[in-house]
Every structure is written in structure tokens, then in C-alpha cells.
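Since the structure comes first, as C-alpha cells, the remarks are kept for the end.
The values are calculated or read from the model by the stated rules, or taken from the named source; none is laboratory data. Owing to the predicted nature of the structure, the values given are computational and were not obtained by experimental measurement. What goes into the accessible areas is simple: the full protein's heavy atoms, side chains included, and nothing from ligands, DNA or RNA. Shrake-Rupley method; radii C 1.70, N 1.55, O 1.52, S 1.80 Å.
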Amino acid sequence: MVDDWGMVAFPKGPQADQHMAIFTDDAYVIPASFTKEEAEDIAFAYNIWQTAAPGYDEPDAWMTGLYPLYRDDRAIEETMVMLRSPGIGKVDYSSSIAGNIRTSSALEQVAWGGMSPVESVEAQAPLWQAEIDKLNGVK
């Protein structure tokens with residue numbers, strides 16, 4: 001692409017004090033088909049793989065892989081740093097909810113012109129509540 005491009009935060013609302021960034025943490029599981037000893041070995045190896053090498057404590061190392069993705073270094077050094085700041089970055093826990101809920105359903109119902117935002121959220125609320133109750137052991 002010949003144009004310069006970077007990244008900016010999604011605009012904040014008129015009553016917001018700061019930006020907010022939603023992200024999803026990756027979850028990893030070890031299948032039950034492994035024995036306890038095999039699972040412990042896998043967890044041990046994964047822990048080594050995820051842990052920085054001794055003596056390597058570069059706090060900005062996460063930026064290295066992003067530089068090839070953006071033509072504007074400010075997208076990484078300013079915008080991404082801000083969006084990763086405590087209080088701004090928020091985890092999207094919706095991916096942790098079990099069941100048959102598509103997290104995009106409420107948005108799709110509005111985007112396709114079938115419902116207003118209020119109608120869509122109200123239609124989804126019982127489904128979400130049922131899954132949350134299931135996870136919390138509510139009968």
C-alpha cells in the first residue's frame with residue numbers, strides 16, 4: 001500500500017474520561033486424554049516457553065513484533081502503549097462463556113436492520129443470563 005497508515009484508538013464518548021480497549025485473553029487447555037504425568041509435563045514445557053529467559057527483562061519487547069505491521073511507529077509507541085495501560089485495557093470475558101451464544105448476535109440483529117439496539121440487547125439478555133447462571137451453578 002502506498003499510503004501511510006497507522007492506528008488510532010476508537011473514539012471515546014462525550015462523557016468518557018479515557019479511552020477503552022477490549023481484548024480477549026487466549027485460553028489454553030490440556031485435553032483430558034493425557035495422563036496426569038503427561039499433563040504436568042505439558043504444563044511445565046508451556047511454562048518454560050512462556051517465561052522470559054533469565055536475565056532478559058526488556059519491558060518493551062512486546063513492541064518488536066508490531067513494527068513490521070504498522071508504517072507509523074507512533075501507532076505502537078503511543079497508541080498501543082496507551083491502549084495497554086491499566087484501566088484502559090479491558091478483558092472481554094464473553095469468550096469464556098460456554099454454550100451456544102454467538103457474541104456477535106446482538107450487533108448483527110441491529111446491523112441487518114431487524115432490531116433496534118435496545119430490542120436486540122433485550123432479546124439476548126435471557127440467553128446470556130442462562131449461560132452465566134449455568135457457569136455460576138445457579139439452578
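A few notes on this one:
- Build a GNM of the chain with springs between Cα atoms under 10 Å apart, and of E37, E119, E77 the one that fluctuates most is E37.
- Solvent-accessible ranking of Y28, Y46, largest area first, probe 1.4 Å: Y28, Y46
- What a 1.4 Å probe finds exposed on the chain is 59% carbon and sulfur by accessible area, rounded to a whole percent.
- Label selected from [x] 17.3, 66; [y] 20.6, 58; [z] 13.4, 39, the criterion being Rg and Dmax of the Cα atoms in Å as computed here: [y]
- Rolling a 1.4 angstrom probe over the protein heavy atoms with all chains in place gives the chain an accessible area of 81 Å² per residue.
- Heavy-atom accessible area, probed at 1.4 angstrom with all protein chains present, ranks E122, E131 as E122, E131, highest first.
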